[in-house]
Amino acid sequence: QVQLVESGGGLVQAGGSLRLSCAASGRAFMSYVMGWFRQAPGKEREFVAAIDWSGGITYYADSVKGRFTISRDNAKNTYLQMNTLQPEDTAVYFCAARPYRASMDSASYDYWGQGTQVTVSS
């Protein structure tokens, strides 16, 4: 069993930065792929980034590539560094976990956090 808690969201001006954190509990955390997804009002949840169990392989949506960086440490934390934020990045951001291989399909993730709001003003 894995429990996830996000933090670090907030209000930022366009061009600014935020760092989201996801704290995981559970003994099997290190074997899980971690992903970040986001959902804007009236839109479907979309993939943002994922990182494999070793932290050595990362995946990004085209819309955030070059601006966002996903990372993880051995202390059960996963991070999403978000730079050059734009108003279209406004959404609730969720971290999620699944075993084995990374996926962009939200339905394939087994565990989810409660989400943290990111609002980017123009």
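Some values worked out for this structure:
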read-out	value
Pairwise FRET efficiency - T119 versus S63, Cβ, R0 = 22 Å, nearest 0.05	0.80
Accessible surface of the chain, 1.4 Å probe, proportion on carbon and sulfur as whole %	49
Summed side-chain charge close to Y32 - residues other than Y32 whose Cβ falls under 12 Å, Lys, Arg +1, Asp, Glu -1	+3
Neighbour net charge for Q114 - beta-carbon separation under 15 angstrom, K R +1, D E -1	+1
Net +/- balance of residues flanking S63 in space, Cβ distance below 12 Å, scoring K and R +1, D and E -1	-1
Potential extension, E44-Q81 segment - 0.36 nm per residue separation minus Cα distance	11.1 nm
Simple label model, 7 Å out from Cα along Cβ direction - S71 to D110, nm	2.8
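The values are calculated or read from the model by the stated rules, or taken from the named source; none is laboratory data. Keep in mind it's a predicted model, so treat the numbers as computed, not measured. Glycine also receives a Cβ, built like all others from the backbone with ideal geometry; neighbour counts cover every protein chain displayed. Surface accessibility is based on the protein's heavy atoms, side chains included, excluding ligands, DNA and RNA. Shrake-Rupley method; radii C 1.70, N 1.55, O 1.52, S 1.80 Å.
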